[in-house]
There are 6 protein chains.
Amino acid sequence: MSTTSEAKTRQDRFDHGLEILTRIDGEAGQKVVDSLAEISPELGHQVVAWAFGEIYDRPHLPPRDRQLVTLGMLTALGGCEPQLEVHINAALNVGLTPEEIVEALLHSAVYCGMPKALNATFVAKKVFGERDLLPAKTQ
Amino acid sequence: MSTTSEAKTRQDRFDHGLEILTRIDGEAGQKVVDSLAEISPELGHQVVAWAFGEIYDRPHLPPRDRQLVTLGMLTALGGCEPQLEVHINAALNVGLTPEEIVEALLHSAVYCGMPKALNATFVAKKVFGERDLLPAKTQ
Amino acid sequence: MSTTSEAKTRQDRFDHGLEILTRIDGEAGQKVVDSLAEISPELGHQVVAWAFGEIYDRPHLPPRDRQLVTLGMLTALGGCEPQLEVHINAALNVGLTPEEIVEALLHSAVYCGMPKALNATFVAKKVFGERDLLPAKTQ
Amino acid sequence: MSTTSEAKTRQDRFDHGLEILTRIDGEAGQKVVDSLAEISPELGHQVVAWAFGEIYDRPHLPPRDRQLVTLGMLTALGGCEPQLEVHINAALNVGLTPEEIVEALLHSAVYCGMPKALNATFVAKKVFGERDLLPAKTQ
Amino acid sequence: MSTTSEAKTRQDRFDHGLEILTRIDGEAGQKVVDSLAEISPELGHQVVAWAFGEIYDRPHLPPRDRQLVTLGMLTALGGCEPQLEVHINAALNVGLTPEEIVEALLHSAVYCGMPKALNATFVAKKVFGERDLLPAKTQ
Amino acid sequence: MSTTSEAKTRQDRFDHGLEILTRIDGEAGQKVVDSLAEISPELGHQVVAWAFGEIYDRPHLPPRDRQLVTLGMLTALGGCEPQLEVHINAALNVGLTPEEIVEALLHSAVYCGMPKALNATFVAKKVFGERDLLPAKTQ
């Protein structure tokens, strides 16, 4: 995190954010930025420079905890399956286990209801399948 | 519904819920449970044992009325098209007519706005088409 | 419901809607219209002439069923406590029993989660209290 | 807009609405009505006769301004990608520039969060691509 | 808006944002920042430096247009009455007339449904009352 | 957590849940149950026996992590200020620090937008004030 007195250019801030984003999301982060290049490069800039460079990077909450909050939010918002996919991958990247992610989504049923918990859980199934992380088929 | 003093195992509760779920949803219910087996068998258990076995089964509101409430909720939540598909089928199974379902979704336009009413109505179109229930093409 | 060929003025349509609204909501409907008079008389007109005069009045779903759908939607939307208050009163007016309303809101916990079910249930508690309909304090 | 004393039939109101809808949405409006013909012709009628014929047609806010409000609402609601597609087209039809639309969606990130802003922006990318309006690939 | 190569400190960015915020919201903006001082000064910083200093300030959409989008979003989100109050005031400050604001909220009924349109309209009634802008009491 | 073969009565399950709920929420949990006694004792039972006794109690995610997910969900849902108040208290009870809670709500601005982040942060301000936990007034 920059000190209050440090002056940074727009490019400095982007570069710093991209470093965080890549550490968390791997290639998925860069893909979002690339997919915005033609339509809204400024939104791509803000996702990187602000969301990751300024907020995510703050030391007061470690990445694992941020991903727990984020899984809760994306499940509750609804209709954010593409972002859930990115963030379930991110959750795995920063150290949440598949069991913890599945449990967080089960927990969400209490607060968001079964339909949103199901939608989120099916995204987890897709991500875990792609990463060869699906638990055994029997309970 | 169990009496207060009756002791039940986890398996008892699941078996009871599956009976209700199958009566309401037919094969669609079992399919949801199966699709969760690899990723979150506990969520599958809770949908069956709790949502259907404990709540849906209560005698104070008949299934037809529960489905009217559920259609309203799923339309309002948004982004729950897969669940709407299950529950429009369920609504037909428990005695709501196609005309009543379409009217409930028209009614939803007043409270949820046109976009969500349209989304839900297009799910009904899909379900009715699959069950050969579409009204004649002219009004 | 008007026939397709019948010509109606804006005033005809308002008068018709107000008749429906008064039948369902009693004085609460007129109060909403009055409270809009200074700020948005057109919104008041549309609530009466369109929502009640055109949609609610359609014969394909009886008022009791419409209120079940409406309770589901308002619970799911969240932040609609003032409208829930009007519509829990309306639900009682068109023949839903207190037990059925409470059960519909319990049912909503499955689909909307506990927080929204709780918020709606506390509105029912307020309405039932005002109408002296609260069940005995012990189960 | 009709005067208060003018009597109109249901058909008059539909015809008037279709004129507005066609002016704003071109063929996309008619396509929505057609897609509803089999399942809910009344919902199609109300979209045309009420939403466009009565509300959209009012002189107090020009179409360009209505589309700005609508883009904000559809982005915030979430799960309304099909309607966003219609209304981003409509926004272009009534004079909003691609740059203004992209900026409105960037602005939405502040109030709705990044996920919903991203979802809406990707719909704009699809629409602009179809209309050959994508800005150059480099910033 | 800063040029890409210009280096700015955190304080520079805050100062710039506060200038925009004060121009748009008058004292209401400063009040939000003050109310956050004890609990989350960083959120106050980001509202000012990012939301207003970076996004709102961009030249591609004038303040009047941004407020139209914002009214739509806040109405659609629901439960944002405190923010609606700030932004209906802001809308008046940047040149939207009371009639245009009321019309935008009427327009929202089509997309968000009557309950959210009513909630937002009652906030406008409060703000207009405080600014002595309520239209005459009879239609 | 009960073993699969263990038979439990409805009362057993309530008693177990109340133990968990009291450990997490202290008196606030019992107050919610009491406030439901007159209107929906079954909803009170389910909050205790199901939400806390079955879901919250599972060992796969510790209480601190569950509260992070819950803060994210309640912020995203909107209109759940009463539940946020209970759960910010609960978060403190299970070991989240005031700084971590404030940071989680700041993080939510990225995904839910500023208005919902502000609403949640003001609930935290109320709770922290009551528990004498507000940080110093200057940054």
Problem - Test result for residue C:116, part of a helix (DSSP H, G or I), of a type in the set (Lys, Arg), buried (at least 24 other Cβ atoms within 10 Å of the Cβ) and more than 7 Å from chain B (Cβ to nearest Cβ) - result: yes
Practice task
Tell me, yes or no, whether region A:71-94 has at least one residue that is without any contact (Cβ under 8 Å) to a residue 24 or more places away in the chain and either more than 14 Å from chain F (Cβ to nearest Cβ) or of a type in the set (Val, Ile, Thr) (or both).
Solution key: no
Handout entry: Exclusive hit being farther than 30 Å from residue A:76 by Cα and either of a type in the set (Phe, Trp, Tyr) or touching a helix residue (DSSP H, G or I) at 6+ places or on another chain (Cβ under 8 Å) (or both), set D:63, D:82, D:59
Key = D:63
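Just wondering, is there one or more residues in region E:14-36 that are in the same structural domain as residue E:123 (by TED's automatic domain parsing) and polar (S, T, N, Q)?
Among the residues of region E:14-36, not one is in the same structural domain as residue E:123 (by TED's automatic domain parsing) and polar (S, T, N, Q), which makes the answer no.
Using the structure shown, decide if residue F:136 is at pLDDT below 95 and either in a helix (DSSP H, G or I) or surrounded by fewer than 22 Cβ atoms within 10 Å (Cβ to Cβ) (or both). If you could, list the steps in order and put the result at the bottom.
Numbers: at pLDDT below 95: yes; either in a helix (DSSP H, G or I) or surrounded by fewer than 22 Cβ atoms within 10 Å (Cβ to Cβ) (or both): yes.
Taking the combined requirement at face value, the residue satisfies it.
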Exercise for the section: Give the residues of region E:95-104 that are among the hydrophobic types (A, V, I, L, M, F, W, C) and more than 7 Å from chain C (Cβ to nearest Cβ), sorted by residue number. Expected result: E:96, E:101, E:104
Completion exercise
Screening C:9, C:22 for residues that are within 7 Å of another protein chain (Cβ to nearest Cβ) and β-branched (Val, Ile, Thr) leaves only C:9
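Quick check on this structure: which one of D:110, D:127, D:48 is at the interface with another protein chain (Cβ under 7 Å from one of its Cβ atoms), in contact with a helix residue (DSSP H, G or I) (Cβ under 9 Å, 6 or more places away or on another chain) and β-branched (Val, Ile, Thr)? Spell out the reasoning first.
On the way: D:127 fails: at the interface with another protein chain (Cβ under 7 Å from one of its Cβ atoms); D:48 fails: at the interface with another protein chain (Cβ under 7 Å from one of its Cβ atoms).
Every option except D:110 fails the conditions.
When you look at residue E:76, is it at pLDDT 95 or above, of a type in the set (A, V, I, L, M) and within 21 Å of residue D:103 (Cβ to Cβ), yes or no? Break it down into steps so the answer makes sense when it comes.
On the way: at pLDDT 95 or above: yes; of a type in the set (A, V, I, L, M): yes; within 21 Å of residue D:103 (Cβ to Cβ): yes.
Yes.
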Exercise for the section: From the list B:92, B:71, B:21, B:43, pick out the single residue that is among the aliphatic types (A, V, I, L, M) and under 20 Å from residue F:51 (Cβ atoms). Expected result: B:43
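Residue D:15 - would you say it is over 13 Å from the mean Cα position of the chain (by Cα), surrounded by fewer than 22 Cβ atoms within 10 Å (Cβ to Cβ) and either away from chain E (no Cβ under 14 Å) or modelled with pLDDT of 95 or more (or both)? Please lay out each step first, then the result.
Working: over 13 Å from the mean Cα position of the chain (by Cα): yes; surrounded by fewer than 22 Cβ atoms within 10 Å (Cβ to Cβ): yes; either away from chain E (no Cβ under 14 Å) or modelled with pLDDT of 95 or more (or both): yes.
So residue D:15 passes the test.
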Practice task
Could you pull out every one of the helices (runs of 4 or more DSSP H) wholly within region A:23-103 that has 2 or more residues that are aliphatic (A, V, I, L, M), under 11 Å from the mean Cα position of the chain (by Cα) and crowded, with 20+ Cβ neighbours inside 10 Å?
Solution key: A:63-77, A:81-93
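Any residue in region C:1-12 that is crowded, with 22+ Cβ neighbours inside 10 Å, of a type outside the set (Phe, Trp, Tyr) and not in a helix (DSSP H, G or I)? Can you show your working first?
Pass one, region C:1-12, residues crowded, with 22+ Cβ neighbours inside 10 Å: none.
Within region C:1-12 (the criterion being crowded, with 22+ Cβ neighbours inside 10 Å, of a type outside the set (Phe, Trp, Tyr) and not in a helix (DSSP H, G or I)), the answer is no, since none of the residues qualifies.
The values are calculated or read from the model by the stated rules, or taken from the named source; none is laboratory data. Here the structure is a predicted model, which means the values were calculated and not measured. Every residue, glycine as well, gets a Cβ built from its backbone with ideal geometry; the counts of neighbours run over all protein chains shown.
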